[in-house]
Amino acid sequence: MTTALHTERLVLRPFGWQDFDYFVTEMLTDPRVVEFYYAFRDQVDSDRIRQQAKDDFWDLFEESRSRHKLEIWAACESAGDGHFVGWSGLLYTSLSEHYGAPELQYMISGNMHGQGYATELAGAVLRHAVDVLGLDHVIATVDIPNAGSIRVLEKLGFQLEGQIEAYGSDQMFLYCLRLNNSEVH
């Protein structure tokens with residue numbers, strides 16, 4: 001069992017309850033982070049945010065781990081105080097059932113946007129998917145106006161499959177990455 005992944009700037013460890021607390025209190029209240037997460041964008045009640053995050057994220061994380069042996073990784077800077085940067089993982093979602101592949105998801109702290117952390121973090125997760133899990137392809141979804149995440153997926157080698165309706169929005173793109181035919185960056 002892998003307990004940590006390392007990149008040039010990050011240490012990734014299995015996402016735990018202590019990470020969930022930071023994720024809820026710092027990330028899900030940051031307008032830069034929740035811009036495309038409509039269930040959280042206008043939330044101000046901390047108890048409702050925590051419950052929604054448990055339902056939308058934690059429960060899915062735990063199901064993906066227990067039923068599908070997929071890991072969700074908390075990322076911290078490897079230098080300095082080890083500041084929490086965000087998370088990424090392969091999740092088994094309703095789209096996974098339809099398209100036959102786990103879904104890559106990630107979220108980066110607002111003050112870390114635009115610094116390449118999402119690409120670095122998601123790239124480490126994809127290398128783990130190839131090297132350890134032996135997966136041959138993964139999918140990802142992104143809101144059409146989310147230019148930053150589109151750039152991340154394209155840098156990682158994902159190919160646009162088309163527009164779909166997902167997560168309560170008809171303004172989503174579906175991407176696919178064939179892992180056996182590509183080099184994960």
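Taking the Cβ of TYR175 as the center, what net charge do the other residues with Cβ under 14 Å away carry, scoring Lys and Arg +1 and Asp and Glu -1?
Net charge in that neighbourhood comes out at -1.
So, in Å, what gap is there between the alpha-carbon centers of the stretch 157-175 and the stretch 33-50?
About 22 Å separates the Cα centre of the stretch 157-175 from the one of the stretch 33-50.
Once amide H atoms are built 1.01 Å from N in the peptide plane, which residues 5 or more positions from GLU71, or in another chain, come under 5 Å H to H?
Result for GLU71 returns LEU90.
Rounded to the nearest 0.05, what FRET efficiency do SER169 and ASP30 have when you use their Cβ-Cβ distance and R0 = 22 Å?
Details: r = 20 Å, r/R0 = 0.92.
Once rounded, the FRET efficiency stands at 0.60.
Report the local net charge at HIS98: Lys and Arg +1, Asp and Glu -1, summed over other residues whose C-beta lies under 13 Å from its C-beta.
Local net charge: -4.
Local charge sum around THR25 (other residues, Cβ-Cβ under 14 Å, Lys/Arg +1, Asp/Glu -1)?
Net charge in that neighbourhood comes out at -3.
Return the tail of the calculated pair distribution for the chain, meaning the percent of Cα-Cα pairs more than 27 Å apart.
21
Just want to confirm a number: the relative contact order over the stretch 1-79, from Cα pairs under 8 angstrom separated by 6+ residues, in percent.
The value is 43 percent.
Helix-only mean residue ellipticity at 222 nm, the chain, DSSP H runs n ≥ 4 weighted -39,500 (n - 2.57), per residue, nearest 500. What is it?
That calculation yields -9000 deg cm²/dmol at 222 nm.
Nothing charged except the Cβ atoms of Lys and Arg (+1) and of Asp and Glu (-1): what's the magnitude of the dipole of the stretch 1-75 about its Cα centre? Round to the nearest 20 debye. Spell out each step's value before the answer.
Values: 10 positive and 15 negative charges, 57 e Å.
It works out to roughly 280 debye.
Using only alpha carbon pairs under 8 Å that are at least six residues apart, calculate the relative contact order of the chain and give it in whole percent.
17
Since every read-out is calculated from the coordinates, none of them should be taken as a lab result. Every value quoted in this text rests on a predicted model; they were computed, and no experiment measured them. Note that we place each Cβ from the backbone using ideal geometry, even for glycine, and neighbour counts take in every protein chain shown.
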